[in-house]
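Scroll down for the structure; my scribbles are underneath it.
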Amino acid sequence: MDTVMDTAVVRVASIASLTPLEELDTDPFLVDSRSQHAMCARWAADQGYVVTRELLARGLRADHAVLWGDVEAGLVDLFVVPSRRVLERALRCPEEFTAECARRGVRVETAGLAEPAYDSRMKARVHRRLSMPTAGYDGR
C-alpha cells in the first residue's frame, strides 16, 4: 500500500525596496525590485519553500498591516529579504521589525546571494521598465 506523506509547504513573503529611479546610477540593485524579488525566489526555491507574496516597501513601519495580514491569515510563514541594506531601506526600523517577527514566531531570513553586476545596458533595461510601466513594456 502506498502512503502519501503530508508535508507542509513553507510559504514565504519576499520583501524588496521601493527606491526611486533617480538612484539607479548610485545603487542599481536597490532600484531593481524585480531582481530583488528574483533573488528571494531563488533562495526560497533552494530551501524548498514557495514565495506566496511579494512586498515592495520604503520606510514601512514594523507594525504596518501589509506586513502582517497574510501572516495572520496563515498564508505566510517567513519573510526573506535579499540583503540587510534592502531591509534597511524597505523598513523604517529593521530592529523593530525583527523583534515583531520574533514576538509573532515568524522567521526573517536574508538571501545573501551575490547581487547582479550592473552595466550600462542592464541599467537601461531597469530604467525603461520602471519609466514605462503603463506602456506595456515588460522589461525584456
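The values are calculated or read from the model by the stated rules, or taken from the named source; none is laboratory data. Just so we're clear, the structure is a prediction, and the values are computed from it rather than from any experiment. Cβ: placed from backbone, ideal geometry, glycine included. Neighbour counts: every protein chain shown. Surface areas here come from the heavy atoms of the whole protein model, side chains and all, with no ligands, DNA or RNA. Shrake-Rupley method; radii C 1.70, N 1.55, O 1.52, S 1.80 Å.
Quick notes on this one:
- Taking the stretch 15-26 as the range and being loosely packed, with under 15 Cβ neighbours inside 10 Å and not acidic (Asp, Glu) as the test, the residues that pass are PRO20, LEU21, THR26.
- Subset of the stretch 115-133 (residues that are without any contact (Cβ under 8 Å) to a residue 40 or more places away in the chain and closer than 15 Å to LEU30 by Cβ): ALA117
- Looking across the stretch 76-91, the residues that are over 11 Å from the mean Cα position of the chain (by Cα) and farther than 14 Å from GLY105 by Cα come down to ARG84, ARG85, GLU88, ARG89, LEU91.
- Any chance VAL12 is open to solvent by less than 20 Å² (accessible area, probe 1.4 Å), in contact with a Leu (Cβ under 6 Å, 6 or more places away or on another chain), within 25 Å of ASP119 (Cα to Cα) and in contact (Cβ under 8 Å) with a residue 60 or more places away in the chain: no
- In summary, strands (runs of 3 or more DSSP E) completely within the stretch 27-140 and bearing 1 or more residues that are open to solvent by 50 Å² or more (accessible area, probe 1.4 Å) occur at 50-57, 107-110.
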